[in-house]
Amino acid sequence: MGLFSLLLITSLVTSHSLKPPTSNSPSPKLVVGITIDQMRADFLTRFEDHFTDGGFKRIMNGGFTCYDHHYGYAPTFTGPGHASIYTGTTPSVHGIIANDWFVRDKNTTVYCSSDSRARGIGNDGIDGLDGRPLVFDKAGQMSPTHLLSNTIGDEMKLATMGENTPKVIGISIKDRGAILPAGHSADGAYWFYGQNHGHFISSTHYFRMLPQWVIDFNNEGRAEQLCNDGWDRLLKESAYSKCSPDNNPFEGSFRGEIRPTFPYDLNALKAANGGYDVLKATPGGNTILVDFALAAIEGEELGRDGACDLLTMSFSATDYVGHRCGPHAQETMDMYVRLDRELERFFDELDDIVGDGNWTVFITSDHGAAAVPSQAQSLDMPSDYWTPGNLQDRLEVELDIKFGPKDWVQNISNNNIYLNKKSVRSSSTFEDVIQRYVSALCVEEEGILMACGAYDLASRAKVDPILKNMYNGYLQGANGDVVFVLNPGWMNYGRTGTTHGSPFAYDTHVPCIFYGAGIEVGSTYERTYIRDIAPTISTLLEVPYPNGCTGAPIHQALKK
């Protein structure tokens, strides 16, 4: 047993023997925000029979559930989702318009949490310092620099300064799942770096050396232990009868695997799947995140004295399994059943360390997911795959014929068409006319439901709920000149597994549950939005809303 395990056990035993008293205070000592990547709203009820009483059910039965909770924008991607939860607004304000997006002036693509000025930090210090070779490289060059507004945690910092300033920590398997929720002034954000390390890392945006508790955790070799455990079904095979058969043509395989079936030998799969990165797509990714969260609570003394602290957690393994297998796979169900047990373990430890009634948690997701199109097609449902194909070439030809030969189209990505501004502005035709013509050409393409130019988006959003979502995800000066929407159930993706990003309910409808100090017991079926979570927590903590907030508090969830 390692030194860190002995210290952690000693600490937990001590904390258990000095267990904080149960509190009925409406003011929590610790707020925990939990984002479960790609969790559809229906998963709460579809898998409910296999949940324990202490995980999801504890939060639902003892807290407040918003059953008609949606993202009021598109595209529904991971980066924008995490930013929206904690800023209380949409991409049109906070600026995270996708995971990656095209930058017109630089003619290149930018990643939502990239920052070339930052360096990664691991157990050995700053990546590449003093001539040492780069280990993490771009995986460590991260910060919230592209986030235009501040977050719940930032406002908590502003509201309470001095000796009692709150601590804000963000953790996730994905860098963007840790960085964007934690905000600009966080005490730390940590994400998982697999390969031959299996460690949590950070960047120089936060500090120049990892805290000792992180180094100790990394040295425990938890990733290796979880790979040794492999992955098999938690329940009897008959419990998965409502899922697709284990071996079916709609699921993708790990690299180096003959077929995507249980059990999974992770050690055998490591070499072909990025070493310890293989854990990202298994329940082990959730287990190690809970382990790290408990280490963070102990190491940072979260929820102890002083102002209320904030811990943001994002479970990413659920997204990886969805992309590989889809929402109806046995692997997906097993992922959530096992996550339920991890949440139970985490909540029990919160009771022991922080005290039952001293903490508040909310659970939501960054987006939903569509049914696998090829699987839906097998049931005669209208679903299919779309690729840009020769759309750009066709637009160039048609625009040359209509308005004269020029280099018209600069880029097509994220269902945005970026026109060449120099060509458009040098044309004798008004820009709005060109945008409408491009939109008309787009809807002639198979699989494109609608298209709209930037000039018309605001007016059409007033009468069309789908385009309203597109409008709320549109940042002037950053998005394209024309946006388009694929038919429901269509996607630009491979033929196994699923993805997300659309303005339709299967991508926008996600869970939202509040529980703990200051939270009412109950539920609502009224429409609520992701942007409402941040002002709800701000109201609970009596701090200002994040500075770009456009949401409203869900008052029914708060004790009077």
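Go through LYS157/LYS559; LYS57/LYS236; LYS57/LYS462; LYS174/LYS560 and tell me which ones have a Cα-Cα distance over 28 Å in this structure. Mind dumping the intermediate values first?
On the way: LYS157/LYS559 24 Å; LYS57/LYS236 21 Å; LYS57/LYS462 39 Å; LYS174/LYS560 37 Å.
From the list (LYS157/LYS559; LYS57/LYS236; LYS57/LYS462; LYS174/LYS560), the Cα-Cα distance tops 28 Å for LYS57/LYS462; LYS174/LYS560.
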Within region 382-408: backbone nitrogen closer than 16 Å to the ASP100 label point (7 Å, Cα to C-beta): 388
- request: Calculate, in nm to one decimal, what VAL110 and SER523 gain on full extension: separation in residues at 0.36 nm each, minus their alpha carbon distance.
  value: 144.7 nm
- prompt: Highest mean first, what order results for 234-247, 538-551, 187-200 on Cβ atoms within 10 Å?
  reply: 187-200, 538-551, 234-247
task: Using the Karplus curve 6.51 cos²θ - 1.76 cosθ + 1.60 with θ = phi - 60°, work out ³J(HN,Hα) for each residue of region 208-220 in order, rounded to whole Hz, and write x for Gly and Pro.
output: 10, 7, 4, x, 4, 5, 6, 4, 4, 5, 4, 6, 6
- request: Return the calculated 222 nm mean residue ellipticity for the chain, to the nearest 500 deg cm²/dmol, obtained by summing -39500 (n - 2.57) across DSSP H runs with n ≥ 4 and dividing by the residue count.
  value: -9500 deg cm²/dmol
- line: Total charge of the residues flanking ASP232 in space, meaning their Cβ is under 13 Å from its Cβ, with Lys and Arg +1 and Asp and Glu -1, is -3
- request: Determine which aspartates and glutamates satisfy two conditions relative to LYS402: a Cα distance under 15 Å, and not lying fewer than 8 residues away in the same chain.
  value: ASP393, GLU431, ASP432
message: So if each residue of separation counts as 0.36 nm, and I subtract the Cα-Cα distance between ASP348 and ASN247, what length gain in nm does that give?
response: 32.7 nm
- request: Could you tell me which Cys residues in the chain have no other cysteine's Cβ under 4.7 Å from their own Cβ, answering none if every one has a partner?
  value: CYS112, CYS227, CYS243, CYS308, CYS325, CYS442, CYS452, CYS549
task: Determine, from the Cβ-Cβ distance of ARG255 and ASN61 and an R0 of 25 Å, the FRET efficiency 1/(1 + (r/R0)^6), rounded to the nearest 0.05.
output: 0.05
message: With only alpha-carbon pairs counted, each pair once and no self-pairs, how large is the Kirkwood hydrodynamic radius of the chain in angstroms?
response: 24.4
Principal axes of region 237-297: Cα extent on each, largest first, Å: 42, 30, 16
task: May I ask you to derive the FRET efficiency for GLU444 and ASP380 from their Cβ-Cβ distance with R0 = 25 Å, giving the value to the nearest 0.05?
output: 0.45
Förster radius 22 Å - calculated FRET efficiency between GLN225 and THR52, Cβ distance, rounded to 0.05: 0.45
- prompt: Based on the mean of other beta carbon atoms within 10 Å per residue, what is the order of 520-527, 82-89, 408-415, most packed first?
  reply: 82-89, 408-415, 520-527
- line: Pseudo-spin-label distance GLN195 to THR387, built 7 Å along Cα→Cβ, given in nm, is 3.2
statement: Quick note on PHE207, PHE347, ordering by fewest other C-beta atoms within 10 Å, gives PHE207, PHE347
query: Any idea what Rg and Dmax come out to for region 384-487 if you just take the C-alpha atoms, in Å?
result: 13.1, 39
- prompt: How about region 371-470: which GluC sites (Glu not before Pro) there lie in a loop by DSSP and see at most 13 other Cβ atoms within 10 Å?
  reply: GLU444, GLU446
- prompt: Could you give the distance between the Cα centres of region 42-59 and region 173-200, to the whole Å?
  reply: 28
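Where a number appears in this text, it was derived from the coordinates with a stated rule and is not lab data. Values in this document were obtained by computation on a predicted structure and should not be read as measured data. FYI the Cβ positions are ideal-geometry reconstructions off the backbone, even for glycines, and counts take in every protein chain you see.
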